[in-house]
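Below is one structure, written out as structure tokens; comments come after it.
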Amino acid sequence: MSLALKLGLPARAALGSRGAVPAAPTLAMDPTWTSVQNTPKFSIESAITVVAGYKYRIQIQPTGGNWSSLTQDITHTITSAEDTADAFSFGFALLPNATYDARLAVLTPAGVVSAWSNVVTFAVNLLAAPVNTVLPAITGDGGAAGNMLSVSTGTWTGTAPISFAYQWKKGGAAISGATASTYMIQAGDAGGALTVDVTATNSQGNATATSATFTVGATPTNTALPAITGPSLVGGTLRASQGSWSGSPSTYAYQWKSNGTNIPGATTSSYVTQAGDVGNSITCTVTASNGWGSASATSAGVTVSSSLLATYISGASNTTTGASFTFSGQNVGAAGPCVIGVEHAIVAGLSVTAVSIGGVACTQIAGAAADSTAGASIDIWYCPNSPGGTQNVVVTMSGSQTRAAIAVFNLNGTPTTVSGANNKGSGLTSLTAAATIPTNGTAIVVANVHSSTAFSSAAGTNATLDANFQLATAGTSIMAAHHNTPTGAQTMGFSWTGSTDAALSIGVFGP
């Protein structure tokens, strides 16, 4: 910035000794200067005759600052020409739109300095075109046509006054007539990307800033189908999730269907299956709605059964020695009735004392536990209200043991009767036990076969063989099966290759 100092001097007086102390000058802002000019001018009065070799020393600092920490401190030797013109100028590095203090002293060629002048405070308010510092922002509810949106001007610097103009755009293209700070959403804007160009104008020019994109809502779109959970036995309560949707639905409606036909009155998120649903595929259609419209999605179907059915879910082994075995992240299937067969190393006087699924306690089925003195042990635990999904299954022993294994089953409904049976023996190639299965009931069969070698084969006897686990460090296997038909008195078990000791447990469940 150039700072011009304009001198208004009195009639020249005798200077006297060139080493005499000059009188202190008087400093004032030149009356022709205004704060929006970028060359501030001062009037300087002093009771001396200015001759070549004399200097003016001017200091400038931010208002209220310390004169020992100056913004500018410049000493200027006055030339004959400047003396004749009564004015001179030199550069100052001053920031615009700020306030400063100035003072002046006179120096003789001999280095004698006058006292400082009075302090003059002045503001530098330079003219400037608008500059955006904070972008405009769109606010409002884009959830339906007819809603009103607004845009802020954003924040701007520049010489006042500043006026603003607006242009709304969709997808980068100007919307005809949309030139106010507000805009009413139109039907054709659904899903559109709106922005606003805000143009700021003052006496020095104009500039434009564009808001961030505002995405208008749209009719919901399904991204993940609704899902049905719960027991598919007659009288079981099925529940439907909403599924996942884009478009931010505000409401959801439900319609249950049997073989594709609406079930009258079944319009909530849950449905209790009826006798007439047996053998039918039950689905649920979920309708998601918002201010832009509605869309529907239908779940996969589940088939209703009149019989209590067992389904094998997963199995795992754990060979960490201790009194507690945790099967982390175990798949336990659907929420609801869950059955777990537990195998463990046989140690005299020790047994399984507790089983839990995700912290929910299970109950040991009476009669469904067998310990073989030769080293095979097996029992069955039942949890009517398993949380489902991926859970930690914890098996607790009465003392330290060297291994455990589990087999996990789900039931399609809550049984009204639960009972058990067991058998055990040594030097065997097969093992069975007898149990009576109620009408429309089911049985789950698990066995622990203690063998020093891997099995070359294994087969279920009068039951569907579901799994055959081999514990690598112990040479012991747990085998699992379920029996869904027929009912009545049944003999169930396993056969395998290789003579060994074994224990077998059966859990019987009646609807």
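Here are the numbers for this structure:
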read-out	value
Within the range 267-286, backbone nitrogen closer than 16 Å to the virtual label 7 Å beyond the Cα of ALA300 toward Cβ	281-285
Cα centroid separation - the range 378-431 against the range 227-248, whole Å	28
Pairwise label distance in nanometres, THR320 with THR353, each label 7 Å out on the Cα-Cβ vector	1.9
Convex hull volume of the range 183-312 per residue (C-alpha atoms, cubic angstrom)	125
For the range 131-189, radius of gyration divided by Kirkwood radius, i.e. Rg to Rh on alpha-carbons	1.02
The range 129-137 - phi-based ³J(HN,Hα) in whole Hz, Karplus 6.51/-1.76/1.60, Gly and Pro as x	6, x, 9, 7, 10, 9, 5, x, 9
Where N is the number of residues in the range 116-215, Cα Rg divided by 2.2 N^0.38 Å	1.45
Accessible area (Å², per residue) of the range 323-407, counting only protein heavy atoms and a probe of 1.4 Å	33
Accessible area per residue in Å² at 1.4 Å probe, computed on the range 129-228	48
Global form of the range 261-338, assessed from the alpha-carbon gyration tensor, a/c cut-off 1.5	oblate
Ordering of 204-213, 353-362 by packing [mean C-beta count within 10 Å, highest first]	353-362, 204-213
Calculated log₁₀ intensity ratio I(q)/I(0) where the Debye formula runs over C-alpha points of the range 342-449, q = 0.12, 0.13, 0.19 Å⁻¹	-0.44, -0.52, -1.07
Of all accessible heavy-atom area on the range 229-375, the percent that carbon and sulfur account for (1.4 Å)	50
Calculated Rg and Dmax of the range 232-384 using C-alpha coordinates, Å	21.6, 71
Distant-in-sequence amide H partners of GLY388 (H built 1.01 Å from N, under 5 Å)	GLY336
Rg/Rg_ref, the range 298-396, where Rg_ref = 2.2 N^0.38 Å and atoms are Cα	1.20
FRET efficiency for THR133 and SER69, using Cβ-Cβ distance with R0 set to 45 Å, rounded to 0.05	0.95
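The values are calculated or read from the model by the stated rules, or taken from the named source; none is laboratory data. All figures in this text were calculated on a predicted structure; none of them were measured in a lab. As a convention, Cβ positions derive from the backbone with ideal geometry for all residues, glycine included, and neighbour counts pool all protein chains shown. Calculation scope for accessible area: heavy atoms of the full protein, side chains included, ligands and nucleic acids excluded. Shrake-Rupley method; radii C 1.70, N 1.55, O 1.52, S 1.80 Å.
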